[in-house]
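A.B. asks: Here it is, the structure, as structure tokens.
The values are calculated or read from the model by the stated rules, or taken from the named source; none is laboratory data. Since we're looking at a predicted model, the values are computed, not measured. Here Cβ is always computed from backbone atoms with ideal geometry, including for glycine, and neighbour counts include all displayed protein chains. Accessible surface areas use protein heavy atoms only, side chains included; no ligands, DNA or RNA. Shrake-Rupley method; radii C 1.70, N 1.55, O 1.52, S 1.80 Å.
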Amino acid sequence: MNIGLTGGIACGKSTVSAMLVCRGALLVDADQIARDVVEPGSPVLEQVAARFGQAVLQPDGSLHRKKLGEIIFGQTEARKQLESILHPPIRKQMREQMEAYEQQYPNRLVVVDVPLLIESNLSFMFEEVLVVYVPRHVQLERLMHRDGLTETEANKRINSQMSIEEKRQVADIVIDNSGSWEQTQSEVERFWLRKGLS
């Protein structure tokens with residue numbers, strides 16, 4: 001039993017995944033895997049440095065994310081090349097972790113947190129896709145508050161992603177996280193019971 005969990009920036013994916021984990025779900029975190037595959041000395045990091053130059057490495061051999069971000073920002077071709085290096089090993093590890101959990105704990109829900117699940121066409125990997133939703137104005141407010149951004153900066157970040165309304169359309173399950181923590185908690189509880197999990 002698995003679900004892919006996604007949402008937009010500042011919609012509260014981590015809040016909802018934490019609520020599911022508290023109830024006994026097992027979490028596979030794609031962001032964490034993405035960090036692990038570019039650990040210093042990893043073959044993936046070597047490929048990234050070979051393609052984008054040694055400037056993307058810090059003196060200690062770790063990935064200089066800011067520098068890499070500057071290189072690929074607004075460069076569609078460069079971004080695609082980076083994705084072609086990173087995505088296969090990330091997906092492979094995600095799949096391996098999911099399968100290991102499903103074999104070891106066949107009665108537990110495996111939640112895979114993937115920020116760009118829909119954009120990367122990964123829905124096929126999961127039985128269901130859960131989108132953590134908040135309306136755009138709430139997303140904007142929370143992002144400004146969370147990251148100390150101006151309205152213009154926050155809008156720019158939100159606009160660089162697929163809209164939360166579009167994501168909501170393609171979801172199998174929607175958890176509305178725009179109310180209080182307790183309201184989200186009871187939405188998660190309803191979902192949990194509907195899945196027949198106890």
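A.B. asks: Find all pairs meeting these conditions: Cβ atoms under 7 angstrom apart; at least six residues apart or on different chains; first residue within the stretch 104-123 and open to solvent by 80 Å² or more (accessible area, probe 1.4 Å); second residue hydrophobic (A, V, I, L, M, F, W, C) and part of a loop (DSSP other than H, G, I, E, B).
C.D. replies: From the stretch 104-123, the pairs are ARG108/ALA25.
A.B. asks: Looking at the structure I just gave you, is LEU82 within 22 Å of ASP113 (Cα to Cα) and open to solvent by less than 50 Å² (accessible area, probe 1.4 Å)?
C.D. replies: yes
A.B. asks: Looking at GLY148, GLY179, which is the one that is more than 18 Å from the chain's Cα centre (by Cα) and on the phi > 0 side of the Ramachandran plot?
C.D. replies: From the options GLY148, GLY179, the qualifying one is GLY148.
A.B. asks: Follow-up question, since we're still on this one. So which residues in the stretch 152-164 are over 18 Å from PRO115 (Cβ atoms) and surrounded by 11 or more Cβ atoms within 10 Å (Cβ to Cβ), if there are any at all?
C.D. replies: Matches in the stretch 152-164: GLU153, ASN155.
A.B. asks: If VAL129 satisfies all but one of (1) closer than 18 Å to MET162 by Cβ; (2) outside any strand (DSSP E or B); (3) open to solvent by less than 30 Å² (accessible area, probe 1.4 Å), what's the number of the condition it fails?
C.D. replies: Of the numbered conditions (1) closer than 18 Å to MET162 by Cβ; (2) outside any strand (DSSP E or B); (3) open to solvent by less than 30 Å² (accessible area, probe 1.4 Å), the odd one out for VAL129 is (2).
A.B. asks: Here's something else I'd like to know. Looking for something surrounded by 15 or more Cβ atoms within 10 Å (Cβ to Cβ) and not in a helix (DSSP H, G or I) - is there at least one such residue anywhere in the stretch 143-151?
C.D. replies: Yes, there is a match, as at least one residue in the stretch 143-151 is surrounded by 15 or more Cβ atoms within 10 Å (Cβ to Cβ) and not in a helix (DSSP H, G or I).
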